[in-house]
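Below is one structure, written out as structure tokens; comments come after it.
The values are calculated or read from the model by the stated rules, or taken from the named source; none is laboratory data. Bear in mind that the values here come from a model prediction, so they are computed numbers and not experimental data. Here the Cβ is made from the backbone with ideal geometry for all residues, glycine too, and neighbour counts use every protein chain on show. Surface areas here come from the heavy atoms of the whole protein model, side chains and all, with no ligands, DNA or RNA. Shrake-Rupley method; radii C 1.70, N 1.55, O 1.52, S 1.80 Å.
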Amino acid sequence: MRTWNGILTAVLLGALFGGSLSAAAQQTAGSQRPAPDAAHTAQPSQGAAMSQSAPTQAAQPAPAQQPAAEPVPATPAPTTMDQVVSLFIEHEHAFIKMLSNRTPVVETYLQNLTSDPQLGPVPNADHYFLGRMDMGETVDRKDYLKKEEEKGFQTRLLGGFEKLYKVQYQPLGFSWMVYADRTDFDREHYDFTYVRREFLGEVRCLAFDVKPKKNSGPGRFLGRIWVEDQNFNIVRLNGTYYPAPRNSMFFHMDSWRLNLIPGYWVPAYIYSEEGDFSAGAKNKQAFKAQTRVWGYDLKKGGKDDELTQIRVDSVKDDSPSQQDASPLQAERVWQQQAEDNVVERLTSAGLLAPEGDVDRILQTVVNNIEVTNNIDLPRPVRTRVLLTAPLETFSVGNTIVISRGLVDVLPDEASLAAVLAHELAHIVLGHNLGSQYAFNDRMLFSDDATYQNLGFKHIPEEEQAADKKAVELLKNSPYGQKLDNVGLFLKALQARAPQLSALLTTHLGNPLAQNGTVTRLSALSTLGPALDNNKLDQIAALPLGGRVKINPWDDKAEMVKTTPVAITSARDKMPFEVTPFFPRLTRYGANAAPAAPTTTAANSNGGN
Ligand SMILES: [Zn+2]
């Protein structure tokens, strides 16, 4: 079990985050509590948990946009396990139909692994995919990444990885396991065997082993599914596909769904891992990968509807006075128009989280820097979270954007302040980019062409000036005494940078590193102690996925709440690495109204 040391909270953080962005609040491990299978009951209990209580919505504000789906039919209480199987098959078909007009964003970040004597499996290369997935007839992907990048990627992979690349890139790749079987999930093709009852987070589930019947064709699901015991929806799939066609392979995957809308559990996380580093193992080619799905509520981003879906703020009077704008005012209004256009366009493309909880934390940090430096800007600085993994920041107008992946890996508030200070410096220095986006025709492109149409990269001179100014701002700020931590983070980033080129490839802003060398804030990189894997209390950078949680339905970002757990070896540190997912499953609206009967059932079921 990978764990984190609770001591770090006190050491690394000020009171500001209130634990919400602590190094200790890192891993989800420990929050997962599968209940022991107490009774091996052949049938699920017909008690409270089995009655079809409608999804609780009490005291929970309804989501801004309800899915355009027919209401879930009332589920007659099953009396046999056979009926349970019929119910989840039926619900899976209804679910596939419900999602068939959706085109969520799907992101896969993959790290190839090599064995390090001290650290165990460590990344030696990485790959990144981002696209929209059409949940219609086939589960297919449309890519956001530029063609040149793709080409470079392919070229790099020709030395032996080509096959792997091709497999990943098929629709049968990482995003395939949103469903067990899109077309033939039924008794004609599968045998279902009840295994046991088990809790996944707060949700009591029935686990079934699923095996394809003989001669049911290649690529059938083989593994286990977990079905929640109120409405009998699949909430987790774990396994692979079988048999594989000649000359190809299917990955093993662990796929999780979340109850984000009443009655449905939508695919959110898929973890994949292959490879064996044990003595004598032949297959030394190994990787681990995280696939995240979000943006289910986005409008289709295809070429067909691009012109109707984009709301263009062409006539917006934001000038502060009743008089005509002075030339300077006009310039500022113009820049704000560009900024608003970009923020709105990135949000509608499923790349930017709507304003939310994480922004309050980011804005507090920015504010701390501003106040102590007597910075008084004509408009307040806003922040937004880019929903993607690659480590990047950029600014447009007065909006600072920071990627989810970067917030995830930063070890403490001072490091967060440092990366934000660089963008604040651009704003303070008037390095305004993006005023061309005040012309609305420039917002008219299909979502998957976002990276070709938008960009916020500064020239090297402005980058250097921003770094210099950022250090100045930081030294005057409450973070001035903690810049050693920033230095340590930059050293950790440098240590991994040559292997993590995909994670460091930015798509909109300037990269933190170039050709394997970290360039951002290099003046701070010599500060702090030397990087030392053996020092268990030295946490220079965190794994991905520990801080920011995205709601896959509405794209809202929030801070992850986890219980501190102890690091016990250097292998627990996993800086910049991907790890398995273990989301704490809850029912829709459950947080608003804790369900007493469920708790009782949990206890009686032998939950410790
Ligand atoms: Zn910059």
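Electrostatic tally near Trp294: other residues with Cβ closer than 12 Å to its Cβ, Lys and Arg +1, Asp and Glu -1, net +2. Net length available on complete extension from Asp191 to Lys214 is 7.3 nm, with 0.36 nm assigned per residue and the Cα-Cα distance removed. FRET efficiency for the pair Phe439 and Asp357, taken as 1/(1 + (r/R0)^6) with r the Cβ-Cβ distance and R0 = 30 Å, rounds to 0.35. Between Leu429 and Asn515, the modelled labels are 2.2 nm apart [label points 7 Å from Cα along Cα→Cβ]. Using the structure shown, select from Lys97/Lys556; Lys491/Lys535; Lys288/Lys549; Lys491/Lys573; Lys482/Lys535 the pairs with a Cα to Cα distance greater than 22 angstrom. Flagged as over cut-off: Lys97/Lys556. The accessible area of Arg520, taken with all protein chains in place and a 1.4 Å probe, comes to roughly 10 Å². If you take every DSSP beta bridge whose two residues both sit in the range 370-488, what share of them, in percent to the nearest 5, is antiparallel? If we restrict to bridges inside the range 370-488, about 45 percent are antiparallel. Full extension of the chain between Lys299 and Thr568 gives 92.3 nm of extra length, using 0.36 nm per residue less the Cα-Cα distance. For the range 451-456, putting each phi into the Karplus relation 6.51 cos²θ - 1.76 cosθ + 1.60 with θ = phi - 60° gives couplings of 5, 7, 9, 10, x, 9 Hz, in residue order, rounded to whole numbers and with x for Gly and Pro.
Relative to the current alpha-carbon distance between Asn534 and Asn453, full extension at 0.36 nm per residue lengthens the span by 24.6 nm. Per-atom-type breakdown for the range 374-495 gives carbon and sulfur 49% of the accessible area (1.4 Å probe, protein chains only). Among residues other than Trp553 with Cβ under 11 Å from its Cβ, the summed charge is -1 (Lys and Arg +1, Asp and Glu -1). Taking every protein chain into account, the accessible area of the range 519-588 amounts to 40 square angstrom per residue (probe 1.4 Å). Across the range 579-589, rounded Karplus estimates of 3J(HN,Hα) from the backbone phi angles (6.51 cos²θ - 1.76 cosθ + 1.60, θ = phi - 60°) give 10, x, 9, 9, x, 7, 6, 9, 7, 3, x Hz, Gly and Pro being marked x. For Tyr190, nonlocal amide neighbours, meaning residues 5 or more places apart or on other chains whose placed amide H falls under 5 Å from its own, are Lys213. Label-to-label distance for Gln481 and Met249 is 5.3 nm, based on points extended 7 Å past Cα in the beta-carbon direction. Once you reduce the range 522-584 and the range 451-486 to the center of their Cα atoms, the two points are 22 Å from each other. Annotation note: chymotrypsin sites (Phe, Trp or Tyr not before Pro) in the range 187-216 located in DSSP loop regions with a Cβ neighbour count of at most 12 within 10 Å are absent. Counting only protein heavy atoms and using a 1.4 Å probe, the accessible area of Phe581 comes to about 20 Å².
In this calculation the C-beta distance from Ala523 to Thr372 is compared with R0 = 22 Å, giving a FRET efficiency of 0.70. A simple spin-label model places the labels of Gln494 and Thr80 6.9 nm from each other, with each point 7 Å out along Cα-to-Cβ.
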